[in-house]
Amino acid sequence: MKRYVLITGAYGGMGKAAVRKLKDNGFSVFALDKSVGEAEDGVVPIKSDIADENSVKDAFDKIREYTEELFAVIHFAGIYMLDSLVEIENSDFERIFKINLGGAFLVNKTFLPLMKSGSRIVMITSELAPLDPLPFTGIYALTKSALDKYAYSLRMELQLKNINVSVLRAGAVSTGMLRVSTDALDSFCEKTSLYTCNAERFKRIVDGVEARNIPPSRIAKKVFCILNKKYPRFAYSINRNPLLLTLNVLPKSIQLRIIKQVLKSEEG
């Protein structure tokens with residue numbers, strides 16, 4: 001019997017690796033993204049924008065032509081943003097929540113009729129999700145923290161239908177997202193009017209967090225393992241940064257003092 005899975009963000013670095021891993025292990029994959037590739041054995045590309053309700057509904061109709069049941073929905077789709085919380089454009093603030101949180105909400109709600117007892121939902125959040133936010137990356141961390149809380153609430157509800165919900169809190173992964181992070185940092189340091197940014201110092205901090213990155217194949221392998229567990233737990237972690245973990249166990253007053261001391265020369 002075929003086991004169908006839906007993967008969002010399927011043509012990004014992590015999503016593509018997951019598509020390959022699951023396809024090679026006998027799953028039939030619906031690969032959903034805003035830009036898609038060619039169909040191949042075991043992979044059906046679905047062009048869709050997860051932030052658009054009608055687009056997601058169209059994707060549902062296409063997938064229902066193939067099957068009436070999904071074994072799993074796996075969420076990789078998302079965007080990265082770096083900005084200060086008092087300078088970010090209103091439209092950007094709304095956009096990142098609409099994609100990172102709203103997209104998962106729309107997909108799960110729309111595809112629930114295809115999910116039966118024993119189905120799974122896996123959401124890729126972030127190592128930042130359970131941690132206290134850092135300056136200027138706060139907007140991204142906020143969306144991932146919200147996604148993590150949403151996932152737990154959803155697990156609470158869907159357990160009553162015997163549908164399992166898990167999150168994978170991943171650290172730095174060697175995908176195009178790391179380049180996006182660097183570009184976003186450069187852009188922020190150029191445009192901010194409230195914070196005088198020493199780009200090189202701030203980059204060293206960001207680079208220290210992202211230096212310990214892992215290949216997308218590690219994420220794909222972890223997702224495969226979660227899907228094959230009889231009773232998956234709620235949260236799984238991979239490649240969490242020890243510096244972030246150490247900072248987070250300190251009292252908040254000390255965290256604030258450390259960050260201010262490290263970045264004080266950034267301020268005018």
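Angle of helix 102-111 to the longest C-alpha principal axis of the chain, folded into 0 to 90 degrees and rounded to 10: 10°.
Accessible surface computed residue by residue for the chain, with neighbouring protein chains in place and a 1.4 Å probe, gives 51 Å² per residue.
Going through the cross-link list Lys57/Lys149; Lys47/Lys109; Lys47/Lys116; Lys109/Lys191, which pairs have a Cα-Cα distance over 29 Å in this structure?
Values: Lys57/Lys149 25 Å; Lys47/Lys109 18 Å; Lys47/Lys116 24 Å; Lys109/Lys191 38 Å.
Checking Cα-Cα distances, Lys109/Lys191 exceed 29 Å.
Rounded to the nearest 10 degrees, the angle from helix 252-263 to the longest Cα principal axis of the chain is 70 degrees.
Taking all protein chains together and a 1.4 Å probe, the residues Arg3, Arg120, Arg233 rank Arg233, Arg3, Arg120 from largest to smallest accessible area.
Measuring nothing but how far apart in sequence close Cα pairs (under 8 Å, 6+ apart) lie, relative to its length, segment 36-151 scores a relative contact order of 32 percent. Only one item in (1) 20.2; (2) 21.7; (3) 19.4 matches Kirkwood radius over Cα pairs in Å derived from the coordinates shown, and that item is (3). Inter-part distance, segment 2-24 to segment 51-104, computed on C-alpha centroids, equals 16 Å. Each principal axis of segment 58-142 carries a Cα extent, and these read 46, 26, 14 Å when sorted largest first.
Of all the accessible heavy-atom surface of the chain, with the other protein chains kept in place and a 1.4 Å probe, what percent is carbon and sulfur? Numbers along the way, then the final one.
Details: 7220 of 13730 Å².
Carbon with sulfur: 53 percent of the solvent-accessible area.
Obtain the radius of gyration and the Kirkwood radius of segment 8-72 from its C-alpha atoms and give Rg over Rh. Working shown, then result.
Values: Rg = 11.3 Å, Rh = 12.0 Å.
Ratio of gyration radius to Kirkwood radius: 0.94.
Restricting to the chain, compute how many DSSP beta bridges are antiparallel as a %, nearest 5. Counting DSSP beta bridges with both partners in the chain, the antiparallel share is about 5 percent. For segment 17-117, the fraction of alpha-carbon pairs lying more than 22 Å apart is 36 percent, rounded to a whole number.
Nearest 10 degrees is fine. How inclined is helix 176-191 to the longest principal axis of the chain, computing both from alpha carbons? The angle comes out at about 40 degrees. If a spin label sat at a point 7 angstrom from the Cα of Phe224 along the line to its beta carbon, the backbone N atoms of segment 9-38 nearer than 12 Å would be those of 17-27. Rolled with a 1.4 Å probe across the full set of protein chains, the surface gives Thr125 an accessible area near 10 Å².
Solvent-accessible area of Ser117, all protein chains in place: 80 Å² (probe radius 1.4 Å, heavy atoms, ligands and nucleic acids excluded).
Counted residue by residue at 0.36 nm each, then reduced by the alpha carbon distance between them, the extension gain from Arg212 to Leu256 reaches 13.4 nm. With contacts taken as Cα pairs under 8 Å at a separation of at least 6 residues, the chain carries a relative contact order of 19 percent.
The values are calculated or read from the model by the stated rules, or taken from the named source; none is laboratory data. Keep in mind that this is a model prediction, so the values were computed, not measured. Neighbour counts run over all protein chains shown; Cβ positions are idealised from the backbone, glycine included. Surface areas here come from the heavy atoms of the whole protein model, side chains and all, with no ligands, DNA or RNA. Shrake-Rupley method; radii C 1.70, N 1.55, O 1.52, S 1.80 Å.
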